[in-house]
Amino acid sequence: MKYIFVTGGVVSSLGKGLAAAALGTLLEHRGLRVIMQKFDPYLNVDPGTMSPFQHGEVYVLSDGAETDLDLGHYERFTSCVLSRANNVTSGQVYETVLAKERRGDYLGKTVQVIPHVTDEIKGRIQRLAKEESGDVIITEIGGTTGDIEGLPFLEAIRQFQLEVGPENVVIMHVTLVPFIKAAGELKTKPSQQSIAKLREIGLQPHVLLCRTEKPLVLEVRQKLALFCNVPLHAVVEVRDVDHTIYELPLTLQDEKLDDTVCRLLRLDTPSAQMTEWRRFVQRVVTPRKSLKVAVVGKYVGLQDAYKSIYESLTHAGAANDCGIEIMRIDAEDLEGTEPGNTLGTVAGIIVPGGFGDRGVEGKITACKYAREKRLPYLGLCLGMQAATIEFARNVCGLKGANSTEFEEHTPHPVICLLDDQKEVRMKGASMRLGSWPTDIVPGTLAEKIYGKLQIIERHRHRYEFNLKYKEAMEEKGFAVCGTSPNARLVELIELRDHPWFVACQYHPEFLSKPNAPHPLFRGFIAACLASSE
Ligand code: GLN
């Protein structure tokens, strides 16, 4: 097994996760089996309890782990199947160490960061290496070099490198080379200092990934190589991609990053054939058609809150040869206004997941607009609950219908907690999470979209459709078109007298890939195209 560690310096948000994922793409295309892992130095056990303002999207894995959104990049850019073990936080490490201490496993010793915490961190890499078959593990360390909470992870890597042999480890440092306008120059000093910080800990990066706005001219590369102690060919330029993040593997290949890494690790593999990938990028960059789709949510101002949804739209657009302009609409802006003023120009509407009552009435307004104007609608989790509430209120005449999440004593709790969730007191990892099967009702639009009758999709929610209302709603044209195999949980609904109104209790956005768009997103875009012709 070979090990690649990805660290970051100078500032956060340099796209370390994407860089790690894109390197994963290239190595896979060289025939290697790649395993991806992320270490997050914060103390939360997982990001599940964090606000999207803090953390962006929570990415849910098949086993129900609530993880960092970089794991979404890993799954989209590689064929890796990730689990709980692939995202490790300081919270988890300390939880384990403290539980061992309470059990008496440390036999009277003083429990310390070195060696006990660092041993636990190394153990998390070793276990992954043992349990999964692969050739290379790429482990990304969250945060920025110099963060106090990141130190144990860097120290663990220092020890690890000695244990497995330096010839089996590559450290790739992602850094910023800023352009200072007044001087008209690219500056290497921040990178020098962040590498000096790493060397203080005993880590010497082998490869520098330099984020920059301007081309890294030879002179700058030479300076970086000299001061940061890396060979010239290991100074890699990464400028912002022109159109789509999926260009990144191609950019890195042009810079021969994968050649450099494979040489360092003594991996003798053919070069990567990126024809299929390049074709996908081409379809994203130069589509023949285009359309506008609204995403009506609560966190539309944040780049990262609906990441997987935006990516799924890109995949579905490429499959339909269609560029997609996403109109991000703050749900609260639709409250008490004429929705046509905002939604008048869109070809379809998506309402994403969410928690808490802020903006819910705006989302319900968007559902009503899509239903009445016969616009394609895709509801995701809360988006299904909002569509259910809207239909109950405005078509079935159930005045005041709501979810008990938003109004505990609503006269018509069409969405409510089931008994098992009523007992739950702890917030962390206590929702219905991860992969669950859904049986699709034959003869429905859902069957046409999926082309099969049983699917498995990922969940993250507490509330469920209230079956007491199923019959009354179905009489009026609402259709439950997918349920859990025991038929107790409603997973998928559609409207009978509407060209394309589909909503699911699960999160299909976690299963879409560049060359394998999710059927619901692909179908939604196809319906938007059909209805705007
Ligand atoms: N708040 C809703 C629930 O808990 C929806 C959750 C979601 O959209 N992920 O059921």
Q.
among the small types (Gly, Ala, Ser), under 30 Å from the mean Cα position of the chain (by Cα), at pLDDT 95 or above and surrounded by 19 or more Cβ atoms within 10 Å (Cβ to Cβ): is that true of Ala386 in this structure?
A. yes
Within the range 18-59, the residues that are in a loop (DSSP other than H, G, I, E, B), open to solvent by less than 20 Å² (accessible area, probe 1.4 Å) and either small (Gly, Ala, Ser) or out of contact with any helix residue (DSSP H, G or I) (no Cβ under 7 Å at 6 or more places or on another chain) (or both) are Leu32, Gly56
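Test of understanding: among Lys109, Lys122, which residue is farther than 30 Å from Ile456 by Cα, basic (Lys, Arg) and assigned to a loop (DSSP other than H, G, I, E, B)?
Lys109
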Conditions (1) touching a residue at least 40 places away in the same chain (Cβ under 8 Å); (2) part of a helix (DSSP H, G or I); (3) within 16 Å of the ligand (Cβ to nearest atom) -> Ala316 fails only (3)
For Glu471, the lone unmet condition from (1) free of Cβ contacts under 8 Å to residues at least 24 places away in the same chain; (2) assigned to a loop (DSSP other than H, G, I, E, B) is (2)
Of the candidates Val235, Val295, the one satisfying the condition of being at pLDDT 95 or above and closer than 30 Å to Leu186 by Cα is Val235
(1) touching a residue at least 24 places away in the same chain (Cβ under 8 Å); (2) surrounded by fewer than 20 Cβ atoms within 10 Å (Cβ to Cβ); (3) touching a helix residue (DSSP H, G or I) at 6+ places or on another chain (Cβ under 8 Å); (4) not in a helix (DSSP H, G or I) all hold for Thr145 apart from (2)
Of the residues in the range 489-515, those that are touching a residue at least 60 places away in the same chain (Cβ under 8 Å), farther than 23 Å from Ala347 by Cβ and more than 12 Å from the ligand (Cβ to nearest atom) come to Lys513, Asn515
Picked from the range 394-448 (must be among the acidic types (Asp, Glu) and surrounded by fewer than 13 Cβ atoms within 10 Å (Cβ to Cβ)), the residue nearest to the chain's Cα centre (by Cα) is Asp420
Check: Scanning for something out of contact with any strand residue (DSSP E or B) (no Cβ under 8 Å at 6 or more places or on another chain), open to solvent by less than 20 Å² (accessible area, probe 1.4 Å), touching a residue at least 24 places away in the same chain (Cβ under 8 Å) and assigned to a helix (DSSP H, G or I), does the range 216-233 turn up at least one residue?
Finding: no
Screening Leu162, Leu203 for residues that are in a helix (DSSP H, G or I), out of contact with any Cys (no Cβ under 8 Å at 6 or more places or on another chain) and modelled with pLDDT of 95 or more leaves only Leu162
The residue that is nearest to the ligand (Cβ to nearest atom), considering only those in the range 377-405 that are assigned to a helix (DSSP H, G or I) and either small (Gly, Ala, Ser) or touching an Asp or Glu at 6+ places or on another chain (Cβ under 6 Å) (or both), is Gly383
Restricting the range 60-74 to residues that are closer than 13 Å to Arg84 by Cα and aliphatic (A, V, I, L, M), the one surrounded by the fewest Cβ atoms within 10 Å (Cβ to Cβ) turns out to be Ala65
Notebook entry, point to check: Among the residues of the range 282-292, is there at least one that is crowded, with 22+ Cβ neighbours inside 10 Å and among the aliphatic types (A, V, I, L, M)?
Noted result: no
Considering residues that are crowded, with 19+ Cβ neighbours inside 10 Å and more than 16 Å from the ligand (Cβ to nearest atom), the number found within the range 330-348 is 7
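The values are calculated or read from the model by the stated rules, or taken from the named source; none is laboratory data. Everything numeric here is computed off the predicted structure, so don't read it as measured data. Reconstructed Cβ throughout: ideal geometry from the backbone, glycine too, with neighbour counts over all protein chains shown. Quick note on the areas: whole protein, heavy atoms, side chains included, nothing else; ligands and nucleic acids left out. Shrake-Rupley method; radii C 1.70, N 1.55, O 1.52, S 1.80 Å.
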